[in-house]
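Report on the following structure.
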Amino acid sequence: LGAGAVIISHANGSASGNTYIGFGYNSGQIGSINQNGTTAVAYNTSSDIRLKNDQGLATQSRISNVKIHNFTWKSDGSESVGVFAQELAEVIPEAVTKGTDELNEQGLPVQPWGVDYSKLVPDLIVAVQQQQAIITQLTSRIAALESKGA
């Protein structure tokens, strides 16, 4: 491990489900980092049905409106692919944590905008479901056309 690393562990056993770090609000847990077997951890955010008011199934994905960029990081020039938080905020605002306008002496943001990519997953699932429905429909149409031609 590198300098500044923090290790949180327990002595032994699989202890799946044991909480390493819990996050709370108003005397309730809203997230946690838990052990998942002996080789993994789970990063959890609240998703309990009892905390939500259902407004029906999502049938439209916003993914097609998300802009993905090739870019290099100013700090070290490394290449990457991803979104720009300010653009994503216009499409999927719940995936973005707004920063401030304050800049440091190098002209970089003191508190930059951030993105929680996990918040894109529901839209990705809806997009896959939409595509799968189209694939199923087209497969049926192809089969019907092929049987007519046979």
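The values are calculated or read from the model by the stated rules, or taken from the named source; none is laboratory data. Nothing here was measured: the structure is a model prediction, and the numbers come from that model. Glycine also receives a Cβ, built like all others from the backbone with ideal geometry; neighbour counts cover every protein chain displayed.
What the table below lists for this structure:
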{"item": "Residues that are farther than 29 Å from T59 by Cα and either touching a Phe, Trp or Tyr at 6+ places or on another chain (Cβ under 6 Å) or acidic (D, E) (or both), drawn from region 89-140", "result": "G99, D101, E102, E105"}
{"item": "In region 18-65, the residues that are at pLDDT below 90 and closer than 29 Å to V128 by Cβ", "result": "N34, N36, G37, T39, A40, V41"}
{"item": "Pairs where the first residue, in region 109-123, is free of Cβ contacts under 8 Å to residues at least 12 places away in the same chain and the second is outside any loop (DSSP other than H, G, I, E, B), C-beta under 7 Å, 6+ apart", "result": "P109/L103; V110/L103"}
{"item": "Matching residues in region 100-150 - criterion: being over 30 Å from A42 (Cβ atoms) and among the small types (G, A, S)", "result": "G107, A133, S140, A143, A144, S147, G149, A150"}
